[in-house]
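Structure first, commentary second.
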Ligand code: F3S
């Protein structure tokens, strides 16, 4: 019989859950209006499909929206996007995660206070673009510590990080800078959801025979979770849905661990748990049949 354990911290983070609730509420209350999210709300095709079924469409830019409601996803956007949406007379629902909002606020504050401002993050990520926009395009984005070498540091330096960066790598960068400048102001904008989720996945992977990591193949945080679990040497499968599970993966396994990325909804997790329970039923039926035959 399979023992199934779900990681203590798995699935939607606070910011994503909040954004989805805001979208569903907007779609329910405004059936006569077109509802768009600016970019897919989350990196999870199944959830995006579900929202489409509720008539929530995905627009890749404001140019695709003529009227109705535009929802800003949890990553946030640069202030000029909000201004442009207002100019188009769109109703704006801002589902930017409050933690991302903080990072945006600090970016602006550091620039206003005259600090040479750095954003530690991935410049292609929408969240970082929004934070950069909040700095009025004045901050410098660095992807890693090597990027620092090409920049001449001023005497007053300010730092913020993309919310999903690892605390260790941020600490490493700050350590490098602190002795090179006169004043350093750091806002720790890292969201601990990622860290907590990763350590809880690792702990579980070390304790089970097989790990399922559920989440979009295009989701960076789910892929990272899968890497962390694989590194424990426990066979790990990154799947989007329960349908991808092949029975032979479970052969000879007793303990199954399940975790999920921040953009994975509870029902996708439940589906996998349910499938494991069905496996157990089958095993029970088989063993009862065997017993009957023996008798
Ligand atoms: Fe917000 Fe943290 Fe999620 S920043 S969107 S709660 S990962």
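The values are calculated or read from the model by the stated rules, or taken from the named source; none is laboratory data. For clarity, every value in this text was computed on a predicted model and none was experimentally measured. Note: ideal-geometry Cβ built from the backbone for every residue, glycine included; neighbour counts use all protein chains shown.
Some points to look at:
- Counting only residues that are buried (at least 16 other Cβ atoms within 10 Å of the Cβ) and part of a loop (DSSP other than H, G, I, E, B), the stretch 135-144 holds 2 of them.
- Residue tally, condition within 21 Å of residue 168 (Cβ to Cβ) and in contact with a strand residue (DSSP E or B) (Cβ under 6 Å, 6 or more places away or on another chain), over the stretch 135-146: 2
- Helices (runs of 4 or more DSSP H) contained entirely in the stretch 69-134, each with at least 3 residues that are in the same structural domain as residue 25 (by TED's automatic domain parsing), out of contact with any strand residue (DSSP E or B) (no Cβ under 6 Å at 6 or more places or on another chain) and away from the ligand (no atom under 16 Å from the Cβ): 79-87
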